[in-house]
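The values are calculated or read from the model by the stated rules, or taken from the named source; none is laboratory data. Remember, it's a predicted structure, so these values are computed and weren't measured experimentally. Cβ placement follows ideal geometry from the backbone for every residue including glycine, while neighbour counts extend to all protein chains displayed. When the accessible area is computed, the model is the full protein with side chains, heavy atoms only, and any ligands, DNA or RNA have been set aside. Shrake-Rupley method; radii C 1.70, N 1.55, O 1.52, S 1.80 Å.
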2 protein chains.
Amino acid sequence: MPTKAPPTHRPVVLLSHRGPVSFRRVRGQRRVSRGGGGLVTALMGLAGSLGDDAVWVCAAATAEDRKVVEEYGDRPVRIALAAAPHIVGEGEAADDPIVTTRMVAVDKRRHDEFYGVIANPLLWFVQHGLYGQAEQPILTSREHTAYTRGYLSVNRKFADAVIAQVKQLTAATGKDPIVLLQDYHFYLVAKRVRAACPGVTITHFVHIPWPGPNEWRVLPPEVREQLLRGLLGCDIVSFHTRRFARNFLLCCQEVLGLDIDLRAMAVDVEDRRVQVRYYPISVDPPSLEQLAKTRPVARHRSRLAAAYQGDDRQLVLRVDRTDPSKNIVRGFRAFDVLLTDHPELHGRVTFYALLQPSRQDVPEYSDYIGAIGSVVAEVNARHTGDGWQPIVLQMENDMSLAVAAYSLADVLLVNAVNDGMNLVAKEMPLVNRRDGVLVLSENTGAHEELGPYAVTVHPFDVQQQAEALYEALTLPAEERHRMLAGAVDVVRRHDVHHWLAAQLADIAALDAPEPGEPGEQPEG
Amino acid sequence: MPTKAPPTHRPVVLLSHRGPVSFRRVRGQRRVSRGGGGLVTALMGLAGSLGDDAVWVCAAATAEDRKVVEEYGDRPVRIALAAAPHIVGEGEAADDPIVTTRMVAVDKRRHDEFYGVIANPLLWFVQHGLYGQAEQPILTSREHTAYTRGYLSVNRKFADAVIAQVKQLTAATGKDPIVLLQDYHFYLVAKRVRAACPGVTITHFVHIPWPGPNEWRVLPPEVREQLLRGLLGCDIVSFHTRRFARNFLLCCQEVLGLDIDLRAMAVDVEDRRVQVRYYPISVDPPSLEQLAKTRPVARHRSRLAAAYQGDDRQLVLRVDRTDPSKNIVRGFRAFDVLLTDHPELHGRVTFYALLQPSRQDVPEYSDYIGAIGSVVAEVNARHTGDGWQPIVLQMENDMSLAVAAYSLADVLLVNAVNDGMNLVAKEMPLVNRRDGVLVLSENTGAHEELGPYAVTVHPFDVQQQAEALYEALTLPAEERHRMLAGAVDVVRRHDVHHWLAAQLADIAALDAPEPGEPGEQPEG
């Protein structure tokens, strides 16, 4: 995926938990495979286009990743991504794209504490508003230890890896790098990098919602203060939406007592001004459209269409990880209400739910899968008849199947409780062939852009969701067409390259003699 | 209770759900009894001192209340509160204090919807942050109907009762009354009263926490907007703390898109400016001290002291309604951790929990009582020995017993998840005789005033709560003495009369030619 982002004249150090590649050993040979996920795809363009002037720091995930770390240590590993991905040997000439990585291997127990106790579920739940505070969370010595021995020490380790790469790049190029930190795993990194390398420009992108001060105060005082102070080591802290950016500033004011400027979207800390920005992440339309043309997608499409469409039958779709923040149970309850209120839909509408099992080692997640199965059985038992099954639950992680389903959906339900962005809402319109209607939660980041081209739902209100589904299923054809076309237009104009380019432009503006007003950050 | 509030030159209409008196029929005779609760006590001073120039509108709660409504309709009912409380007949001379009431009888089903579906639990839970949004609330047609047919129509009915009293008082005195509305039952009243009586000055005091925009958005769009617009019918909207007042303004901005001024603490709506203020409610020290001297209190005190004190034994106390917001379960879990970490305390510390059963018709509340019993049994089973029972659970609503326990407490635990004020934290210091230490949640309104004289706890962190209990139990005597004296001083200086006087002074200032800066509302 070539980037359309403007070339930067400064080297770059990227940090994210998941990396651009991973290593395996197959029949004695080291193999390289490319990573997946929206964030990795989004950043790959940048890293690939910069070659040796970009180093991507990430966690070692496999046993073979760890072997690579043992061999290379702080030396960056260059990987040619073309036809047969491989590590580029010293002096070897290799075709673009090349991505340069520095993996970090973390002791398993510390990583479990860092990742499995603090980042998930604690930070994820707090930032998605998932705790009913009367009962959860119950913070014990386990969480305190996991924070100190896990999150804090793992963040130090990654920060030190970033610092080493910064110093190498500075020595090699004579320029101060740009450091692009990613997500809720690494809130403490920026402060440490700034202390060691005052010349760098640091940004941190938070890909999940940022809550208000009340919700942030669910974390113990020293934790919530340290995490905020860690992020304020940046020059720019970024989010997907204006609301999250505002909430972050309000937290700085209420929790740290700092002066904030809501008009300029900035906060003053010591002698520096930290900018708070928002850039809605997006997808890469050409690669999705290409996937939609492949044979596996076509096969899935034929099968799904035969099973659930034709003869005036309609398909309601959802595609989600089995995460409580996705609001899957309430979605099925809303469908239950729809079928009760509109018996004429019996036998004519199928709810196809393609769910990817997620984080099953976390009790909240495995419980949630149980709750999903339970409500599906209940709703199907109540309404089934004449061979028609109202809800079809498919637990599978298959992007070809998802794209086939996107193309056929008459309605896509995205009713998330809270969601940083929700890329499913941006993917469906690009490949849909039936003027499918997006039914979209007001609490998704995507709603700020796609709200005008969607039927809006309130995530807690199953009655209203049922009515919204009915509206979407019965919209006039021209209205469906207008809405889908509008959504496609927004996604095409604001694709993932636009997301990255806007960030790099704002970083470049920091260096400008007159720090101009940022172009697209109106105070609304 | 004579008020020390400055006399107002304008008549007053008060509105609260619970009234100053209630009626019963005993052996064929109508009897009057005075109402209880902090709010009623606080307002009684004002209403009693104004006599006929104040009318208190409230809900009819008993069958006999409804009979009084049938007899009197919109005519105010004058009640002499002295020795033998009774309704004052026309032309009868009666000694002060007199309170004048207008009760409103609401159809039972509508009242159940208004009170039992919307006000409790929905608004209470939303405003106390008690919903884990992944699972609760699930809003259905039941809630929609209850809102429209219950909350909305009951609010109209009470507003109309207030309007009738306003018109009568205006006609009788030639002056526009002040209207003082109370709490989360009546968010829609102010707007309707303003439309009918533009000359009045309206304030609404919200006695429970006000959450941030994210949490407020758990309510459906039309509900959350109507409730906010209802309150903005006021001249002044008031809360217990600066944080709640700020949250309210942020909701006006984020939910309604209005211009807010966080420095002046005001919001502009149409052609009016609405002030947002905070006044921490308090207690009446003399009446509490008087109660502490009574024989029932003395009897309870002897019994409790003999059972749980002496021989180096210490008493940890909590006094609360069995409300999930009070965080009773985590408090017992913290005590469990304390006993595990400090085996030397076995047999030497008793946790006496005096709990008043509350709202047992609401499933969340009856479940919570079960959870309390369960954790008490578990902790007692784990640590009991030699006749010592670690936790003594007393389910009872007895103010004399509470005051006796206050006087003996070595430590009072108030670890609420969220609490508008928490008067228990203000009552204990006034009558305690053992330099008892207040262990106080940072999420109580009281913490803004009493934090410097308490050991602060983080309500979600049971490890930290255990350490705070240990610290409180082992503080040096002079430090305990200093803290208790400081708390007493704060409560005496900011008593309930001060609370009321500050509000009336700000209302008077609205009429002043030059609207001066309010005295005690620093922007922090």
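Stokes-Einstein diffusion for the range B:187-234 at 20 °C, viscosity 1.002 mPa s, with a Kirkwood radius from C-alpha pairs, works out to 185 µm²/s.
The GluC sites (Glu not before Pro) found in the range B:61-95 that occupy coil by DSSP, while having at most 16 further C-beta atoms within 10 Å, are B:E90, B:E92.
Positive contributions from Lys and Arg (+1) and negative ones from Asp and Glu (-1), summed over other residues with Cβ under 13 Å from the Cβ of A:T340, come out at -3.
The amide H of A:Q182, built 1.01 Å from its N in the peptide plane, has A:L15, A:F205 as neighbours under 5 Å, considering only residues 5 or more places off or on other chains. For A:L412, the residues whose modelled amide H falls within less than 5 Å of its own, excluding neighbours fewer than 5 places apart on the same chain, are A:L317, A:V437, A:L438, A:V439.
Dimensions of the range A:1-121 based on its C-alpha atoms, expressed as ranges along the principal axes with the largest first, amount to 39, 35, 24 Å.
Per-residue shielding of B:326-333, expressed as the average number of other chain Cβ atoms within 10 Å of the residue Cβ, stands at 2. Sorted from greatest to least, the principal axis extents spanned by the alpha carbons of the range A:300-349 come out as 35, 31, 8 Å. What base-10 log of the normalised intensity I(q)/I(0) is obtained for the range A:248-294 from the Debye formula, alpha carbons as equal point scatterers, at q = 0.22, 0.24, 0.30 Å⁻¹? Log10 I(q)/I(0), no solvent term: -0.75, -0.85, -1.06. Burial annotation for the range A:197-216: residues with an accessible-area loss of at least 20 Å² between the isolated chain and the complete set of protein chains, computed on heavy atoms with a 1.4 Å probe, are A:N214, A:E215. Converting phi to 3J(HN,Hα) with the Karplus coefficients 6.51, -1.76 and 1.60 and the offset θ = phi - 60°, the range A:478-491 yields 5, 5, 4, 5, 4, 5, 5, 4, x, 5, 4, 4, 4, 5 Hz in sequence order, with x at every glycine or proline. Counting charges near A:P357 (Lys, Arg +1; Asp, Glu -1) among other residues having Cβ under 15 Å from its Cβ returns a value of -3. Any idea what log10 I(q)/I(0) is at q = 0.15, 0.30 Å⁻¹ for the range A:359-402, Debye with uniform C-alpha scatterers and no solvent? Values returned for q = 0.15, 0.30 Å⁻¹ are -0.52, -0.99.
B plus A alone minus the pair: what accessible area, both sides summed, probe 1.4 Å, in Å² to 100?
3600 Å²
If you take all other residues with their beta carbon under 12 Å from the beta carbon of B:Q463, and give Lys and Arg +1 and Asp and Glu -1, the sum is -2.
Close amide-amide hydrogen proximity is noted between B:V21 and B:G35, each under 5 Å apart and 5 or more residues distant or on a separate chain (H modeled in the peptide plane; Pro and chain starts excluded). The loop-placed GluC sites (Glu not before Pro) in the range A:183-274, going by DSSP, that have at most 14 neighbouring Cβ atoms within 10 Å of their Cβ come out as A:E270.
So what is the diffusion coefficient of chain B in µm² per second by Stokes-Einstein at 37 °C and 0.692 mPa s, using a Kirkwood Rh over Cα pairs? So the translational diffusion coefficient is about 135 µm²/s. Only protein atoms count toward the accessible area here, which uses a 1.4 Å probe; on the range A:224-332, the carbon and sulfur part of that area reaches 46 percent.
Across the range B:405-512, the convex hull enclosing all Cα atoms gives 96 Å³ per residue.
Using a/c under 1.5 as the rounded threshold, could you call the protein assembly as shown rounded, prolate or oblate? The axes a ≥ b ≥ c are square roots of the C-alpha gyration tensor eigenvalues, and prolate needs a/b larger than b/c, oblate otherwise. It is prolate, given that a/c is not under 1.5 and a/b is the larger ratio. Looking at the protein assembly as shown, the accessible area is 38 square angstrom per residue; that uses a 1.4 Å probe and ignores ligands, DNA and RNA. Among the trypsin sites (Lys or Arg not before Pro) in the range B:1-99, those located in a DSSP loop and surrounded by at most 10 other Cβ atoms within 10 Å of their own Cβ are B:R27.
Overall shape of the range A:90-171 was characterised from the C-alpha gyration tensor. The equivalent ellipsoid obtained from it has semi-axes of 36, 15, 11 Å, in decreasing order. In the range B:23-76, the inverse of the mean reciprocal separation of distinct Cα atoms equals 12.6 Å; this is its Kirkwood hydrodynamic radius. For peptide B:401-412, the mean count of partner chain Cβ atoms within 10 Å of a residue's Cβ comes to 0.
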